[in-house]
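Report on one structure; see the data block that follows.
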Amino acid sequence: MEITVQWIRTSWTKQSRGGEAASPRNAAPVGFALPHSETASAHVIRMHERDGFEPYDTQEDPRKVDVQLREAVGRLRVLPRVQPLFGLPPRPRRPPAVRLAPGQWVRWQLNYRFSSAAGIRDWSYWLDTFNIAYGPVDARVFLSTPTVFVDERGPVR
């Protein structure tokens with residue numbers, strides 16, 4: 001069965017954490033239309049504060065995406081990997097994996113925060129959005145409402 005993977009990483013610093021400076025970050029999309037591809041690849045999008053959150057997309061080997069995907073008994077088990085652990089904000093325990101039936105898709109969001117080891121640099125942040133579909137899909141699938149939404153974002157203070 002077909003598996004479609006889209007991974008969006010949005011990165012910013014304390015500069016655009018709040019107020020008007022946060023507006024462009026908050027307006028950044030969490031889903032994009034899929035590019036035409038002849039091969040099984042993951043659609044990877046990066047957006048960064050220094051570029052005004054302009055999306056840059058590439059196609060990569062799906063095994064390089066930080067998410068565990070396993071097919072069993074007609075379902076797809078989806079569980080993003082959390083890396084690096086030291087970047088996690090405080091949050092309750094992780095939710096269980098999602099099991100998708102054919103025709104379903106999940107949007108899973110995780111956030112991270114980092115500081116330099118010596119505390120010299122300011123905080124920086126990531127938001128990872130994983131859009132995963134099981135079965136044949138339209139190129140605009142990730143512009144619609146997901147079958148399952150997992151919000152694993154924690155407080156970034």
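The values are calculated or read from the model by the stated rules, or taken from the named source; none is laboratory data. Source: prediction; values computed, not measured. Cβ: placed from backbone, ideal geometry, glycine included. Neighbour counts: every protein chain shown.
Going by the structure shown, is residue 9 under 15 Å from the mean Cα position of the chain (by Cα) and among the charged types (D, E, K, R)?
Taking the combined requirement at face value, the residue satisfies it.
For segment 131-157, how many residues meet the condition of being touching a Leu at 6+ places or on another chain (Cβ under 9 Å), among the basic types (Lys, Arg) and either loosely packed, with under 12 Cβ neighbours inside 10 Å or in a helix (DSSP H, G or I) (or both)?
1
Tell me the residue from 82, 5, 65 that is at pLDDT 95 or above and closer than 17 Å to residue 129 by Cβ, please.
The match here is 5.
Residue check: is residue 50 outside any loop (DSSP other than H, G, I, E, B) and of a type in the set (D, E, K, R)?
yes
Take residue 115 and tell me if it is of a type outside the set (Val, Ile, Thr), over 13 Å from the mean Cα position of the chain (by Cα) and more than 18 Å from residue 133 (Cβ to Cβ).
Yes; evaluated as a whole, the condition is true for this residue.
Does residue 77 satisfy the condition of being modelled with pLDDT of 95 or more, more than 16 Å from residue 4 (Cβ to Cβ) and surrounded by 14 or more Cβ atoms within 10 Å (Cβ to Cβ)?
Spelling it out, it is not the case that residue 77 is modelled with pLDDT of 95 or more, more than 16 Å from residue 4 (Cβ to Cβ) and surrounded by 14 or more Cβ atoms within 10 Å (Cβ to Cβ).
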